[in-house]
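The structure appears right after this line, and notes come after that.
The values are calculated or read from the model by the stated rules, or taken from the named source; none is laboratory data. Small disclaimer: the values here were computed from a predicted structure and weren't measured. As a convention, Cβ positions derive from the backbone with ideal geometry for all residues, glycine included, and neighbour counts pool all protein chains shown.
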Amino acid sequence: MSDIKKIKDDFLLKLKENLDLNQVNQIKTELFGKTGLISSQFKQLGKLAEDERKKFASDLNLVKNELENLITTKINDIETKEINKKLEKEKIDITLPERPFVRGKIHPVSQVIDEISSIFSEIGFSVEEGPDVENEYNNFTALNTPDNHPARDMHDTFYLDDAKKLLLRTHTSPVQIRTMLNDKPPFKIIAPGRTYRSDSDQTHTPMFHQVEGLHIDKNINMGHLKGCLNYFIKEFFEVDKIKMRFRPSHFPFTEPSAEVDIGYEIKDGKIVIGEGDKWLEVLGCGMVHPNVLKNVKVNPDEFQGYAFGIGIDRLAMLKYGINDLRAFFDCDYRWLNHFGFDPIDVPTNYRGLSR
Ligand code: DAH
């Protein structure tokens, strides 16, 4: 029996055994490696006489191809078997109940802040922010509310130090001061955020939200203030007509000052905004006091304008029919699930919702 035939028979037999990947690769090297059996046979070729060489080469090539093919098939088989084994292990049991998926909801206050910001941005207001911890100067003094002014008591301030220099801001009005100190007029900003007063009942919580508005330029008058608020209330409550009244009031930082009421009625137990003969107070406003402008180095003979402060939580309650303010801040997930808003970027057909 020739060497080639012997190699072929031996290895066909070997490759029939139950081999793992390592063993097959070892055989491959034994045959086709640099000093492998088949490789060595090829090296013999040169030594053979011309007439023998052709036949030998052709036989050798046949054996080489046959063994090579067998090895490739064998490797493929082993790999496929391993993948199948893995898949078998990782098989997903589609009869299992799905895992609970909790989708977050947007709090009504955040939703309303977004709505307010986008309504005012349509008419050229930009959004400013200020810190919750304020100094007494920005919160009161610069806003024309001197030391012994009764408004300081009315605000039920949370002071943070004995000297009463640091406090939790009682309104968003100090953002007016920060904005004007930081920049040059004109100013056209709103500033939504958290505010604090020591007060708690069905319509008051120690922490609540306001949005401040400030528009300072040359020749801004009370007509602009009325037009701006009228536009805002109509847009916010999504009504074409609104009943609105300006009631004279007092704020140290505005002169004249007004509180704004909107008309409403109760229809089938629900508040309808813009109709009826009942009035609801929604905000305070006025023309910025010249003393405030002087305090921030703006010349009141050259620039003037209006400011307003709106209670955000109150607006959210009215628009979305929520009647207890305290629930806003109870962090009760069931409440949020009911009154909260779906984030728009979560597809509504998402499987596995908790609802
Ligand atoms: N800061 C006032 C408050 O919290 C609300 C307010 C009234 C703000 C009149 C203003 C304003 O900017 O002009 O009660």
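Quick notes on this one:
- Candidate set: region 271-286, residues that are in a strand (DSSP E or B) and either surrounded by fewer than 19 Cβ atoms within 10 Å (Cβ to Cβ) or away from the ligand (no atom under 16 Å from the Cβ) (or both); chosen: the one modelled with the lowest pLDDT: Ile271
- A single entry from Lys218, Lys165 fulfils the requirement of being under 23 Å from Ala142 (Cα atoms), away from the ligand (no atom under 16 Å from the Cβ), of a type outside the set (Ser, Thr, Tyr) and touching a helix residue (DSSP H, G or I) at 6+ places or on another chain (Cβ under 7 Å): Lys165.
- Region 122-159, residues that are within 12 Å of the ligand (Cβ to nearest atom), touching a residue at least 60 places away in the same chain (Cβ under 8 Å) and out of contact with any His (no Cβ under 7 Å at 6 or more places or on another chain): Leu143, Thr145, Ala151
- Remark: pairs (first residue in region 307-332, within 16 Å of the ligand (Cβ to nearest atom); second residue modelled with pLDDT under 85 and outside any helix (DSSP H, G or I); Cβ separation under 6 Å; 6+ apart in sequence or on different chains) = Leu325/Thr203.
- For region 247-270, the count of residues that are over 22 Å from Pro131 (Cα atoms), more than 14 Å from the ligand (Cβ to nearest atom) and of a type in the set (Val, Ile, Thr) is nonzero.
- One residue stands out among those in region 1-40 that are small (Gly, Ala, Ser) and part of a helix (DSSP H, G or I): the one that is nearest to Glu68 (Cα to Cα), which is Ser39.
- Qualifying residues in region 185-198 (those that are more than 12 Å from the ligand (Cβ to nearest atom) and in a loop (DSSP other than H, G, I, E, B)) - the one surrounded by the most Cβ atoms within 10 Å (Cβ to Cβ): Pro185
- Considering the conditions (1) in a helix (DSSP H, G or I); (2) modelled with pLDDT of 95 or more, His171 is excluded by exactly one of them, (1).
- Selection within region 172-184 - buried (at least 18 other Cβ atoms within 10 Å of the Cβ) and more than 14 Å from Val211 (Cβ to Cβ): Ile177, Arg178, Met180
- Number of residues in region 231-266 that are surrounded by fewer than 18 Cβ atoms within 10 Å (Cβ to Cβ) and of a type in the set (Gly, Ala, Ser): the value is 1.
- Flag if Asn219 is more than 37 Å from the chain's Cα centre (by Cα) and not in a strand (DSSP E or B): yes
- Checking Ser117 against (1) closer than 30 Å to Gly193 by Cα; (2) surrounded by fewer than 11 Cβ atoms within 10 Å (Cβ to Cβ), the condition it does not meet: (2)
- The residue of region 287-306 that is surrounded by the fewest Cβ atoms within 10 Å (Cβ to Cβ), among those that are of a type in the set (A, V, I, L, M, F, W, C) and away from the ligand (no atom under 15 Å from the Cβ), is Phe303.
- Among the candidates Asp59, Asp77, Asp93, Asp51, the residue that is loosely packed, with under 10 Cβ neighbours inside 10 Å and assigned to a helix (DSSP H, G or I) is uniquely Asp51.
- Checked against (1) in the same structural domain as Asn22 (by TED's automatic domain parsing); (2) not in a helix (DSSP H, G or I), Pro100 meets all criteria but (1).
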